[in-house]
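The values are calculated or read from the model by the stated rules, or taken from the named source; none is laboratory data. A quick note: this is a predicted structure, and the numbers were derived from the prediction, not measured. Positions of Cβ are backbone-derived with ideal geometry, glycine not excepted, and every protein chain shown enters the neighbour counts. With ligands, DNA and RNA removed, areas are computed over all heavy atoms of the protein, side chains included. Shrake-Rupley method; radii C 1.70, N 1.55, O 1.52, S 1.80 Å.
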Amino acid sequence: RGYLPEGHVDKAGNLLQRPIAWYGHVGLGPIEVAAYPEGVVGKATLAEAEKAREGVEALLDYMVRLHDDIRAAFPPGKLPPMEEMTQRSREEIEAVIKGPLAEGGRSIYTLGYPT
């Protein structure tokens with residue numbers, strides 16, 4: 001539900017080609033936890049755990065694959081090439097990698113965004 005009449009904000013997938021994308025509005029509708037306090041989008045009486053099984057299994061399978069691919073590409077102790085990840089100096093990044101409690105180290109929060 002939204003605060004403006006229909007016709008301004010598109011629905012999921014931007015299927016209706018409306019001027020404002022569904023993900024691009026702020027303040028034109030309530031946050032989800034307020035709009036759907038039951039935790040269900042749609043009709044809660046039609047909800048069944050079995051309906052989610054296939055999607056949840058696919059999500060978990062993907063998460064395992066992603067985890068395994070990251071671990072294969074970057075096993076413990078190996079990082080991506082620093083010069084391809086940032087334009088900051090090697091010394092600055094190495095200080096952050098050391099951590100805030102190490103001598104000469106820094107907290108990651110000392111780096112501003114964007115890198």
Long-range neighbours under 7 Å by Cβ, at least six apart or interchain, first residue in contact (Cβ under 8 Å) with a residue 12 or more places away in the chain and closer than 25 Å to residue 37 by Cβ within segment 1-26, second open to solvent by 80 Å² or more (accessible area, probe 1.4 Å) and aliphatic (A, V, I, L, M): 10/16
Applying the selection to segment 1-28, what residues are in a loop (DSSP other than H, G, I, E, B), in contact with a Phe, Trp or Tyr (Cβ under 8 Å, 6 or more places away or on another chain) and modelled with pLDDT under 85? 11
In segment 68-84, how many are open to solvent by less than 100 Å² (accessible area, probe 1.4 Å) and either at negative phi or not small (Gly, Ala, Ser) (or both)? 10
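Listed here are the residues, each with its yes/no results for (1) outside the structural domain of residue 3 (by the TED database); (2) acidic (Asp, Glu); (3) under 30 Å from residue 5 (Cα atoms); (4) surrounded by 11 or more Cβ atoms within 10 Å (Cβ to Cβ).
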position	(1), (2), (3), (4)
21	no, no, yes, yes
28	no, no, yes, yes
35	no, no, yes, yes
60	yes, no, no, no
66	yes, no, no, no
86	yes, no, no, yes
93	yes, no, no, yes
101	yes, no, no, no
For segment 37-53, give me each residue that is in a loop (DSSP other than H, G, I, E, B) and open to solvent by 80 Å² or more (accessible area, probe 1.4 Å). 37, 38, 41, 43, 48
Does segment 68-86 include one or more residues that are without any contact (Cβ under 8 Å) to a residue 12 or more places away in the chain, part of a helix (DSSP H, G or I) and in contact with a Ser or Thr (Cβ under 7 Å, 6 or more places away or on another chain)? no
